[in-house]
Amino acid sequence: MSAKQAASDVSLPTAQDAPAAAPRRKAPKSAKAPARRGRPPLSPEIYLETGGRQYNVTDIVERVKADYRLTHKVGVQSCKIYIKPEDGAAYYVVNKVEGKLDL
């Protein structure tokens with residue numbers, strides 16, 4: 001028998017003979033996202049100046065939410081604020097409930 005014939009009689013393993021590789025599974029994501037490192041998100045301070053007076057809009061938003069929570073237990077779902085400096089008031093609609101806040 002020649003070397004070529006001996007080599008052809010010996011069967012080499014093929015891809016079909018090899019056991020199927022198990023697919024890789026990704027680790028399940030946790031329900032909580034990892035804490036973001038670095039700078040905290042930007043929270044701008046907005047001011048309204050008119051008639052020689054200055055109003056901090058961010059402060060007015062917090063005061064409106066606090067005023068609403070005094071009489072309602074439901075959380076704030078929607079909030080619209082109308083600032084009217086000539087009246088010295090901020091009118092608001094929170095969760096379809098109207099109110100007035102003196103500036």
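The values are calculated or read from the model by the stated rules, or taken from the named source; none is laboratory data. Please read these numbers as outputs of a predicted model, since none were measured by experiment. Here Cβ is always computed from backbone atoms with ideal geometry, including for glycine, and neighbour counts include all displayed protein chains. Remember, those area values only see protein heavy atoms, side chains included, never the ligands or the DNA or RNA. Shrake-Rupley method; radii C 1.70, N 1.55, O 1.52, S 1.80 Å.
Can you name every residue in region 75-103 that is under 29 Å from the mean Cα position of the chain (by Cα) and either of a type in the set (Lys, Arg) or open to solvent by 90 Å² or more (accessible area, probe 1.4 Å) (or both)?
Gln77, Lys80, Tyr82, Lys96, Glu98
Residues are listed down the side, and each one gets a yes or a no for (1) under 22 Å from Glu45 (Cα atoms); (2) of a type outside the set (Asp, Glu); (3) assigned to a strand (DSSP E or B):
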{"position": "Val61", "(1), (2), (3)": "yes, yes, no"}
{"position": "Val64", "(1), (2), (3)": "yes, yes, no"}
{"position": "Asp67", "(1), (2), (3)": "yes, no, no"}
{"position": "Leu70", "(1), (2), (3)": "no, yes, no"}
{"position": "Lys80", "(1), (2), (3)": "yes, yes, yes"}
{"position": "Asp87", "(1), (2), (3)": "no, no, no"}
{"position": "Ala90", "(1), (2), (3)": "yes, yes, yes"}
{"position": "Val93", "(1), (2), (3)": "yes, yes, yes"}
{"position": "Gly99", "(1), (2), (3)": "no, yes, yes"}
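Would you say Val57 is in contact with a helix residue (DSSP H, G or I) (Cβ under 6 Å, 6 or more places away or on another chain), at pLDDT 80 or above and open to solvent by less than 100 Å² (accessible area, probe 1.4 Å)?
no
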